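Asks: So that we are looking at the same thing, I have put the structure below in structure tokens.
The values are calculated or read from the model by the stated rules, or taken from the named source; none is laboratory data. Here the structure is a predicted model, which means the values were calculated and not measured. Here Cβ is always computed from backbone atoms with ideal geometry, including for glycine, and neighbour counts include all displayed protein chains. To get the accessible areas, we keep the full protein, side chains included, count just its heavy atoms, and leave off ligands, DNA and RNA. Shrake-Rupley method; radii C 1.70, N 1.55, O 1.52, S 1.80 Å.
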Amino acid sequence: AEEDGGGSQLDELALKIRKDGFVKVPRKLMKLTKPQVDQAKEAIRTWTQDAMNRYAQVVAHAVQVNSQEAMSAAFKEIALRPGGRVDAVVPRLQLPEFNFLREGPWTALVERLLGSDYELGYTSAIIAFPKGYLRGWNAAPAWTETIGDQSWHRDTRIAESSMTPERQELHRQVFGLAMFIPLLDMICLGESGDRVCTGLLGVIPGSHQDTSSGGYDRPHRNISAKKGSVVIYDTRLYHRGLENNSSALRPIIQINYAKKQAVDDDLLQLKGNYGSASLYDFPVGHPEL
């Protein structure tokens, strides 16, 4: 009976993702424990600090020798994104000690939607930087100025009339999922004038069913979540990260999943946003802080 109950709960969650494009999973069903949250948070914090320092040193040297390649905002391990976000492939998160991220109870929900032969992307981190944290960090001034709300975007290509009927049919199904697990409470506190937020997740319910690029005209919703909570969304869904105007870094664990056919057909880049060169393959200089 317990197995049947669990199955029906998964079916309800899967139905919600198909209908709305996302689900915030009840914590009684899925969440990370406090020790797991602390373990992942510390791994991300220490590596990100080193990687950002390295990035600044690589860019400093690139400016000195006018190396355009080394001035990139995207490397194998780290990518700077608008809104003050950094995507990071933290090496330690790929190790067996963090298998609890790849083998959690949410995998049963992923299988329900994508099938048991789904493909797995990086176990990565998305770090939302507050402005104050980067004061004096001059490696990427144009990027620093973008700190705020991200623009609405999808994590996948939209259906195109030039696609074959088979690819258009695939696009009408759930073919890619992204899982978010915040490691700091995603919340807002205070009144409107003095409101402090750690960077909520904005979503546009139902926009995953739009085949045009105008889905962001729909009503939106901002999702708050306690640390360790699980949020899963369809990669076709319009979403955005909202500004982190607190004094703390807000790290999120992200894992992407996809149907194999979607990866083969280039509808979804499981390991997108990152560059092809390693941050650690370039010489370094001394940034002016």
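Asks: Any chance you could count how many residues in segment 159-189 are in a loop (DSSP other than H, G, I, E, B), at pLDDT below 90 and open to solvent by 50 Å² or more (accessible area, probe 1.4 Å)?
Replies: Going through segment 159-189 one residue at a time, the tally reaches 6.
Asks: Right, here's the next one. Can we say Ala79 is at pLDDT below 75 and in contact with a Phe, Trp or Tyr (Cβ under 8 Å, 6 or more places away or on another chain)?
Replies: Working: at pLDDT below 75: no; in contact with a Phe, Trp or Tyr (Cβ under 8 Å, 6 or more places away or on another chain): yes.
In short, no.
Asks: How about segment 231-251: which of its residues are in a strand (DSSP E or B) and farther than 20 Å from Ile204 by Cα?
Replies: Here is the first cut: in segment 231-251, the residues in a strand (DSSP E or B) are 231-234, 239-241, 244, 250-251.
Listed by number, the residues that qualify are Arg250, Pro251.
Asks: Does any residue of segment 88-97 turn out to be touching a Phe, Trp or Tyr at 6+ places or on another chain (Cβ under 6 Å) and without any contact (Cβ under 8 Å) to a residue 60 or more places away in the chain? Can you show your working first?
Replies: Step one: list which residues in segment 88-97 are touching a Phe, Trp or Tyr at 6+ places or on another chain (Cβ under 6 Å), which gives 89-90.
Adding the requirement that they be without any contact (Cβ under 8 Å) to a residue 60 or more places away in the chain leaves 90.
Yes, that holds for at least one residue.
Asks: Next question, about the same structure. Scan segment 203-222 and tell me whether some residue there is under 22 Å from Lys131 (Cα atoms), open to solvent by less than 50 Å² (accessible area, probe 1.4 Å) and touching a strand residue (DSSP E or B) at 6+ places or on another chain (Cβ under 8 Å).
Replies: Taking segment 203-222 and keeping what is under 22 Å from Lys131 (Cα atoms), we get 222.
Remaining after also requiring open to solvent by less than 50 Å² (accessible area, probe 1.4 Å): none.
For segment 203-222, residues under 22 Å from Lys131 (Cα atoms), open to solvent by less than 50 Å² (accessible area, probe 1.4 Å) and touching a strand residue (DSSP E or B) at 6+ places or on another chain (Cβ under 8 Å): absent.
Asks: Also: Can you work out which of the residues in segment 106-132 that are of a type outside the set (Val, Ile, Thr) and part of a strand (DSSP E or B) is farthest from Leu200 (Cα to Cα)? Show your work before the answer.
Replies: The first filter runs over segment 106-132 and keeps only residues of a type outside the set (Val, Ile, Thr), leaving 106, 108-109, 111-122, 124-125, 128-132.
Then keep just the ones that are part of a strand (DSSP E or B); that gives 119-122, 124-125, 128.
On the way: Glu119: 28, Leu120: 25, Gly121: 23, Tyr122: 22, Ser124: 18, Ala125: 15, Ala128: 10 Å.
Of everything passing the filter in segment 106-132, Glu119 is farthest from Leu200 (Cα to Cα).
Asks: Test Gly228 against the stated conditions and say whether it is modelled with pLDDT under 95, open to solvent by less than 40 Å² (accessible area, probe 1.4 Å) and either outside any strand (DSSP E or B) or among the β-branched types (Val, Ile, Thr) (or both).
Replies: Working: modelled with pLDDT under 95: no; open to solvent by less than 40 Å² (accessible area, probe 1.4 Å): yes; either outside any strand (DSSP E or B) or among the β-branched types (Val, Ile, Thr) (or both): yes.
Judged against the criteria, Gly228 is not a match.
Asks: Just to verify a result, which residue in segment 125-156, among those that are open to solvent by 10 Å² or more (accessible area, probe 1.4 Å) and of a type in the set (Gly, Ala, Ser), is farthest from the chain's Cα centre (by Cα)?
Replies: Step by step, filter segment 125-156, then rank; the result is Gly136.
Asks: Pick from segment 25-51 the residues that are open to solvent by 10 Å² or more (accessible area, probe 1.4 Å) and of a type in the set (Ser, Thr, Tyr): which of them is nearest to Asn99 (Cα to Cα)?
Replies: So, considering only residues that are open to solvent by 10 Å² or more (accessible area, probe 1.4 Å) and of a type in the set (Ser, Thr, Tyr), the one nearest to Asn99 (Cα to Cα) is Thr33.
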